[in-house]
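Here it is, the structure in full.
The values are calculated or read from the model by the stated rules, or taken from the named source; none is laboratory data. If you're wondering where the values come from, they're calculated on a predicted model, not measured in any experiment. With ideal geometry, Cβ positions are generated from the backbone for all residues, glycine too; neighbour counts draw on all protein chains shown. The accessibility values were calculated without ligands, DNA or RNA, using every heavy atom of the protein model including side chains. Shrake-Rupley method; radii C 1.70, N 1.55, O 1.52, S 1.80 Å.
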Amino acid sequence: MSFLRRGSLPWSMVLVLGLAACRGAEPFEPVPSGPRPIRGAVVCEHPLASAVGVEILEAGGNAADAAVATALALAVVYPQAGNLGGGGFALWVPHSGEATALDFREVAPETAMPDRFRNAEGEVDPELSKSGPLAVGVPGSPAGLWALYQTHGSKRLSWQALCEPAIRLAEEGFVADSFLEAGLRSATVRRRMQRSPAALSLFYPGGIPLIRGQRVVQPELADTLRRLAEQGPDGFYRGLTATLLVQEIERQLLEAEDPRSWITSTDLEGYEVRWRDPLRGVFRGREVVSMPPPSSGGIVLLQVLAVLEGFPVAAQLSDSRIALRGVERDGADPGFNPRILHWWIEALRRSFAARAEYMGDPDHVQVPTEELLSPGWVARCRLSIGEQAMPSIAPFLPEPPPEGPQTTHLSVLDRGGNAVSLTTTLNSSFGAGILVEGAGFLLNNEIDDFAHQGGVPNQFGLVGSEANGIAAKKRPLSSMTPAVVRRHDGSVELVVGSPGGPRIITSVLAVVLRTLMFDQDLETAVTAPRFHQQWKPERTEFELGWRPGLLEGLDADHGHPLREVDRTWASVQAIGVLDNGEPVGVSDPRRGGAARVEER
Ligand code: DON
């Protein structure tokens, strides 16, 4: 694995570092000579939204157009995570030309200061960043989707045309599914929504949670979308929508008896997206493109791929294949042995430790991205991995709570060979649980992604340092990992991403490794059982379904603290392109999404 970063190092230097960093893999500049896919595809977490995306492709839109329309549709039919009131990241990877990364992450308002989250004793109150007004960051999604359309949309379809399907779904309604029903059954979601009469009346009509089969009609959201359609981002960040949002925050502050302000019209008017250079690495002859800070996803993904590329994984695989002769293996297990998993976990542990220590919003703190992706870091990391697990001896930390469906990801490919990989979130399921009265959309609780106190874990059990402390106009560190893999000829091979908090990173990584290193087909790679390691807590969690004996070996031979848990996580939405150009869409069966390929 080697790393290419546009504009960061002279090309010759990258070449030298690249060769030093990885054995055998040659850095390359993809040339767009490869074939284009024979059809476009859209994969996301709701079938109605996938259908909208494909409709746009078939109407002549490109991947950016389809991604925008799909994301807007998700804001209507998937209120757990699809959003106008949240934020996210998107990669634009064209068939020819430079890949770019769009950061439409929420920002902390101008009045944000660490002491807003402390009680009279000076201790951080962890609830303040998860529910109520202070949990809400200035939304980035409307500006982000507009920027994606403006910069990369085909212009064969107007902005209004991309908003239209979402408006229709909000106005005419859609039928609630079991995922919406399950989400609303969560006691935490219901408790958070107690502060928001508008949310309660939409999601708990007559005090009863919506159930599958019920039609959900959202006229106020339709009006909000219409203002966005007619005026672009001004229809959200200024005028009636902005006024309603600010009034909602003021009402929430009043109820919380907080005399200070939080999101103001100045914050909304001042929101700006950022175009960033994506991180690019070479892994097994392909280019892996992913998100730079303020997401940690790209760095951790590329670090672990680089570390693992230097271990003799293939030899271990064949060893284990020999050892496994006679043992029935299912398709999800390419012949793993405990040592392979041990390397994989230890690499993650070290990367997540670096995440906690060094990563934050690059507009506010200096993130040592270059160093963290340097051959030196990779080599040191690899050398430090011995035969035994090395959990740190830090104090015990509370367990991360189980997560529900929250963030959401969509992958789009058009027949021109352009790809969009877009992850967007309200953070928790239904965000802060606050629906803007009169405007019909939910607000995020992204402020919990800041590290409010060193060593104190957030809702995902993640710890952080000053690098990710809250400050005015700062973006909280994220784990969202939209990624695109390109072949040597520049053609897109994989578009991938997922929800799942820090589990996003480990799930995206697993799919990349399973397809590119372990030669599994995409469906197998997405459905296969997962594990998660994030430095703190020390133990590694495994989904059920691993081959008998494997985890016992990891414990006995390598000393890994581990736990099998009877739940699943993340929801990978991926498009692979076969050598003949045929796209294969896979929506994680762990949730209710849908993959759609163009029919003509
Ligand atoms: O940006 C982040 O890392 C988190 N706000 C993502 C939250 C998430 O993925 C929850 N999803 N299931």
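Find the accessible area per residue for the stretch 482-584; the probe is 1.4 Å, ligands and nucleic acids are left out, and the unit is Å².
Details: 2960 Å² over 103 residues.
The answer is 29 Å² per residue.
Treating cross-link reach as a plain straight distance, find the lysines whose alpha-carbon is under 23 Å from the alpha-carbon of residue 130, omitting any fewer than eight places away in the same chain.
Those lysines meeting the cut-off are 473, 474, 536.
On the accessible surface of the chain, probed at 1.4 Å, how many percent belong to carbon and sulfur atoms? Before the final figure, lay out the partial values.
On the way: 10880 of 20620 Å².
Roughly 53 percent, rounded to a whole number.
Can you tell me the mean projection area, over all orientations, of the convex hull of the stretch 60-101's alpha carbons? Units nm², please. Walk me through the numbers on the way to the answer.
Working: hull surface 14.1 nm².
The orientation-averaged projected area of the Cα hull of the stretch 60-101 comes to 3.5 nm².
Using a 10 Å cut-off on Cβ atoms, rank the peptides 485-494, 359-368 from the highest mean neighbour count down. Mind dumping the intermediate values first?
Values: 485-494: 21.4, 359-368: 19.4.
Ranking, from highest mean packing down: 485-494, 359-368.
While we're on this one: Rg (Å, one decimal) plus Dmax (Å, integer) for the alpha carbons of the chain?
Here Rg and the maximum Cα pair distance are 22.7, 70 Å.
Here's something else I'd like to know. Leaving out ligands and nucleic acids, and using a 1.4 Å probe, what accessible area per residue does the stretch 189-243 come to in Å²? Could the numbers behind the result be given before it?
Working: 2610 Å² over 55 residues.
Normalised by residue count, the accessible surface of the stretch 189-243 is 47 Å².
Grab the beta carbon distance between residue 124 and residue 383, set R0 = 35 Å, and tell me the FRET efficiency rounded to 0.05.
Working: r = 37 Å, r/R0 = 1.05.
Given R0 = 35 Å and the Cβ-Cβ separation, E is 0.40.
When a/c is below 1.5 the answer is rounded, else prolate if a/b is larger than b/c, else oblate, so apply that to the stretch 456-600 with a ≥ b ≥ c taken from the square roots of the Cα gyration tensor eigenvalues. Spell out each step's value before the answer.
Working: a/c = 2.04, a/b = 1.24, b/c = 1.64.
Oblate, since a/c reaches 1.5 and b/c is not below a/b.
Would you calculate a helix-derived [θ] at 222 nm for the chain, using -39,500 (n - 2.57) for each DSSP H run of n ≥ 4 and dividing by the full residue count, to the nearest 500? Please list the in-between numbers first.
Values: 20 runs with 212 residues, N = 600.
Estimated from H runs of four or more residues: -10500 deg cm²/dmol.
Of the peptides 554-566, 182-194, 292-304, how do they stack up when ordered by the mean number of other Cβ atoms within 10 Å, highest first? Walk me through the numbers before you get to the answer.
Values: 554-566: 15.4, 182-194: 17.2, 292-304: 28.2.
Highest-to-lowest ranking by the protection proxy: 292-304, 182-194, 554-566.
A further question on this structure: Using a probe radius of 1.4 Å on heavy atoms only, what accessible surface per residue do you get for the stretch 65-148? Whole Å² is fine.
21 Å²
Using packing as a proxy for protection, rank 205-218, 469-482 so that the peptide with the highest average count of other Cβ atoms within 10 Å comes first.
Working: 205-218: 13.4, 469-482: 24.6.
Per-residue mean Cβ counts within 10 Å order the peptides as 469-482, 205-218.
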